[in-house]
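One structure is given below, encoded as structure tokens.
The values are calculated or read from the model by the stated rules, or taken from the named source; none is laboratory data. All values derive from a computational prediction rather than experimental measurement. Backbone-built Cβ (ideal geometry, glycine too); neighbour counts: all protein chains shown.
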Amino acid sequence: MSAEESSTTDSSTRPNLVLVHCHDLGQHLGCYGADVDSPNIDRIAVDGARMANSFCSAPHCSPSRSSMMTGYYPHENGVMGLAHMGWALGDDWQTLPKHLREVGYETALLGFQHEVPDEPERLGYDYVDSETKRALGLVDVVDDFFAERADDDDPFFVSIGIEEPHRPFRREYLPDGTYDDADPDAIDLDDFPYLPDAPGVREDAADLGALIEEVLDPAVGQYRESLVNAGLAEETLFVFTTDHGLAIPRAKGTCYDPGIETALLIHQPDAVEGGEVHDALVTNVDFTPTMLDLLGIDPPTDVSGESFAPLLRGEPHEERDQIFAEMTWHDRYNPIRAVRTERYKYVRNFSVLPKVFVPMDVAPTASGREVHEQFHVPQRPTEELYDLETDPHESENLASDRKPFETEAMAGDPDPDHVEVLDRLRDELEAWMASTDDPLLDGPVPYADVE
């Protein structure tokens, strides 16, 4: 059922929707406990709600974004790799902007998207301005957009896509080309417990933090200020999120928590209680249904995602007891499927791979070079199980350390205290793959058929 058929509310009474989404941020913000100064973004959490356990469907760009915009997992909508490498979302897929356009919204894209390689109008946008994708470069673009719509009666949806903090950690918008606070010796590596304390790790961590403090956070603050100046803030649902985890080793490109955790902050005046922190498990497959629900539009019932808007409104809500994540193709074949509950993480690896996959944009960086021998040389086990309560950094694999194509006799047995949970999560993952027609069940997934 389309949004047009399922909703009868007068469109002129509906809130606007402003979606600000950046690259590769994970939850590296002050409001999530990171050692970074992000007062403008943190203010969204103060004014609205923060989802403490928000995750994505895939630890890399296009697949995750395809889920956010459709409500389906990547292996369902076909985006199992990067859009510019042949895995683009097809024109027939119903997206968030298409849903909103059907019920009278003007839909606009300012900056970045990565669900299709070109012609973002195919995603359902009436207006596109992609001349710049940098956070500070978008400030004037966003200001003009809001000012031009200050007196309009019809609601709008604007997607503001920011390239930062994607690799490389660019500095060209800063007067002297350097970050003021990028001091590797001053970095608290408690934010990166899964990486060694090494010079290259410190260098990257310092640049990442400074980029957030000096570029990303001020820009988002100016977007919100422009919304207020246009007199639109009180009638607008404002959302800040990211596509997946940080672009550092053992995060992006993996189904460990640093790869799939996402910041998600939601402010809706008079609808979402300010200062609330919700611990419920949510996934960006739920994003489109939730946004439609918050805007007063019945969400589609035939998607894999489900609305958690009732939770945000303080209404009864049946929370998820697990979320799923996946990866198939990036710059190489890296087939992974995973299920995460509040306490446990089960990861199934479907090919012969290095211990930790490090994407091509991270491998040659300072931190990537530091961990090359440790992460690239050893072989990854077929199954991984982690008790997140006792091992939040996923360092002790409680499953068998058997490698692909090895027999059980060639490897260690699973931890005896966790055999039952291992069996249960293995069965639940396989059931999810079967119910969503995951092609990986039929064997290796070939590379996209690029014409």
Residue count for the stretch 51-73, restricted to those that are crowded, with 23+ Cβ neighbours inside 10 Å and outside any helix (DSSP H, G or I): 11
Single match in 84, 99, 60, 75 (criterion: at pLDDT below 95 and either out of contact with any Phe, Trp or Tyr (no Cβ under 6 Å at 6 or more places or on another chain) or outside the structural domain of residue 257 (by TED's automatic domain parsing) (or both)): 84
Selection from the stretch 351-367 of residues that are within 21 Å of residue 335 (Cα to Cα) and either free of Cβ contacts under 8 Å to residues at least 60 places away in the same chain or small (Gly, Ala, Ser) (or both): 351, 352, 353, 354, 355, 360, 363
Number of positions in the stretch 305-335 that are out of contact with any strand residue (DSSP E or B) (no Cβ under 9 Å at 6 or more places or on another chain), within 27 Å of residue 258 (Cα to Cα) and touching a residue at least 24 places away in the same chain (Cβ under 8 Å): 4
Which numbered condition residue 105 misses (of (1) of a type in the set (Ser, Thr, Tyr); (2) within 23 Å of residue 261 (Cα to Cα); (3) in contact with a Leu (Cβ under 8 Å, 6 or more places away or on another chain)): (2)
Those residues of the stretch 218-252 which are assigned to a strand (DSSP E or B), crowded, with 24+ Cβ neighbours inside 10 Å and either among the polar types (S, T, N, Q) or out of contact with any His (no Cβ under 9 Å at 6 or more places or on another chain) (or both), in sequence order: 242
Odd one out for residue 291, checked against (1) in a helix (DSSP H, G or I); (2) out of contact with any Leu (no Cβ under 8 Å at 6 or more places or on another chain); (3) within 21 Å of residue 67 (Cα to Cα); (4) among the hydrophobic types (A, V, I, L, M, F, W, C): (2)
Single residue of the stretch 102-128 satisfying the filter (over 29 Å from residue 59 (Cβ atoms) and either among the charged types (D, E, K, R) or at pLDDT below 95 (or both)) that is surrounded by the fewest Cβ atoms within 10 Å (Cβ to Cβ): 126
Unique residue being at pLDDT 95 or above and in the same structural domain as residue 23 (by TED's automatic domain parsing) when the list is 251, 206: 251
Residue in the stretch 196-212 that is surrounded by the fewest Cβ atoms within 10 Å (Cβ to Cβ), counting only those that are assigned to a helix (DSSP H, G or I) and of a type in the set (Gly, Ala, Ser): 200
The stretch 299-313 - residue that is touching an Asp or Glu at 6+ places or on another chain (Cβ under 6 Å) and among the hydrophobic types (A, V, I, L, M, F, W, C) and, of those, farthest from residue 72 (Cα to Cα): 309
Unique residue being surrounded by 13 or more Cβ atoms within 10 Å (Cβ to Cβ) and at pLDDT 95 or above when the list is 215, 141: 141
Number of the exception - residue 37 against (1) touching a Cys at 6+ places or on another chain (Cβ under 9 Å); (2) under 25 Å from residue 222 (Cα atoms): (1)
Hits in the stretch 378-394 (condition: surrounded by fewer than 18 Cβ atoms within 10 Å (Cβ to Cβ) and either modelled with pLDDT of 95 or more or touching a His at 6+ places or on another chain (Cβ under 8 Å) (or both)): 387, 388, 389, 390, 391, 392, 393
